[in-house]
1. So how much accessible area does Y230 have, in Å² to the nearest 10, using a 1.4 Å probe?
2. If each of N152 and Q210 carries a label point 7 Å out from its Cα toward its Cβ, how far apart are those two points in nm?
3. Using only the Cα atoms, what convex hull volume per residue in Å³ does the chain have?
4. Any idea what diffusion coefficient the range 23-127 gets from Stokes-Einstein, in µm²/s, Kirkwood Rh on alpha carbon pairs, 20 °C, 1.002 mPa s?
5. Using 0.36 nm times the number of residues separating Q224 and S132, minus their current alpha carbon distance, what extension gain do you get?
6. Can you give the calculated 222 nm mean residue ellipticity of the chain, where each DSSP H run of n ≥ 4 adds -39,500 (n - 2.57) and the sum is split over every residue, rounded to the nearest 500 deg cm²/dmol?
7. Over the Cα atoms of the range 161-283, how large are the radius of gyration and the largest Cα-Cα distance (Dmax), in Å?
8. Protein chains only, probe 1.4 Å: how do M251, M27 rank by accessible area, largest first?
Amino acid sequence: AINRNLQDIAGKVNVSFEFFPPKTAQMEQTLWQSIERLAPLAPSFVSVTYGANSGERDRTHDIIKSIKQRTGLIAAPHLTCVDASKDELVAIAKDYWQSGIRHIVALRGDLPAGSIGKPDLYAVDLVHILRSVADFDISVAAYPEVHPEAPNGQFDLLNLKRKVDAGASRAITQFFFDIEKFLRYRDRCAAIGIDVDIIPGILPVTNFTQLQKFAGLTNVAIPQWMYKAYDGLEHDATTRNLVGVNIAMEMVKVLSREGVDHFHFYTLNRSELSYAICHLLGVRPAIAA
Ligand code: FAD
């Protein structure tokens with residue numbers, strides 16, 4: 001039944017891939033190998049994250065420009081507003097528009113450690129600013145398990161609605177492992193009138209130790225069965241990769257059957273696992289005529 005289902009959906013699935021700016025020459029080489037491997041799968045877009053450290057925006061921008069030039073893909077920079085003034089953001093948006101960038105992933109960004117009080121700008125403000133500059137295609141973040149700072153789930157859901165009402169065309173979720181939580185969240189989005197795609201962010205897990213640290217910060221639950229799955233593999237990267245790809249494949253199979261037709265992959269700049277999952281989904285390189 002699983003095979004028949006996957007065949008049914010073959011060719012109807014969209015994918016997108018997320019990368020981050022590399023910090024060393026070797027990491028840069030890995031990034032480009034990954035982009036070259038994944039580009040023939042014709043993703044709807046690829047995105048590059050943005051960190052708050054100085055110089056990071058330039059690095060994000062440089063990679064975005066190179067991806068556009070080298071692959072012709074739609075390349076979307078992430079942009080955060082927590083560390084910039086409104087005037088700076090307007091200037092950045094104008095600069096992006098002038099360099100032919102039409103799609104931006106608009107985020108608030110994480111608050112600096114020890115910061116007190118409310119930030120001046122939230123992601124919804126950034127969406128308004130981008131819209132005031134030009135007709136950008138805007139993606140925003142969504143949290144099936146509720147953003148850690150939100151007072152409650154309903155507030156967070158309404159926050160997503162405000163971002164969509166301000167002009168976002170899609171939401172990409174935080175990664176998750178509990179499919180039910182995603183499906184319930186998607187239903188709640190529909191129930192309050194959010195009519196854009198809620199695209200699941202898929203993280204194929206290769207480093208379970210790192211995941212445990214990160215999941216705690218982001219309010220993402222790691223189910224007990226995952227602890228069991230990775231138990232004893234601390235020094236066995238090959239088996240961890242196989243386990244990671246298997247878990248992510250199971251997730252996309254179920255989500256596909258639930259009507260999901262776009263998956264966003266947190267690649268961590270590696271291609272192998274995302275490529276394998278795409279292959280199973282029927283997302284394959286176009287065969288030259
Ligand atoms: P918002 O939508 O502004 O929400 C932030 C929090 O504030 C939520 O809890 C919300 O409920 C609450 N809130 C909203 N409005 C108000 C208000 N008026 N008063 C009080 N509370 C309010 N981070 C990076 O630094 N760089 C990246 O490249 C990056 N990429 C990401 C990509 C994706 C797909 C995702 C899911 C996250 C990404 N992040 C990135 C992390 C993100 O920046 C953090 O999760 C951040 O803490 C929240 O950003 P946001 O855009 O969701 O913020």
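1. 10
2. According to this spin-label approximation, the distance is 3.7 nm.
3. Details: hull volume 43.6 nm³, N = 289.
Taking the convex hull of the Cα positions in the chain, it is 151 Å³ per residue.
4. Numbers: Rh = 14.9 Å.
For the chosen part, D equals 144 µm²/s.
5. Values: separation 92, 0.36 × 92 = 33.12 nm, distance 4.60 nm.
Result: 28.5 nm gained on full extension.
6. Numbers: 11 runs with 137 residues, N = 289.
The per-residue figure over the chain is -15000 deg cm²/dmol.
7. 15.2, 47
8. Details: M251 10, M27 70 Å².
Final ranking, largest accessible area leading: M27, M251.
The values are calculated or read from the model by the stated rules, or taken from the named source; none is laboratory data. Values in this document were obtained by computation on a predicted structure and should not be read as measured data. A quick note on method: Cβ atoms are made from the backbone with ideal geometry, for glycine too, and the neighbour counts reach across all protein chains shown. Surface accessibility is based on the protein's heavy atoms, side chains included, excluding ligands, DNA and RNA. Shrake-Rupley method; radii C 1.70, N 1.55, O 1.52, S 1.80 Å.
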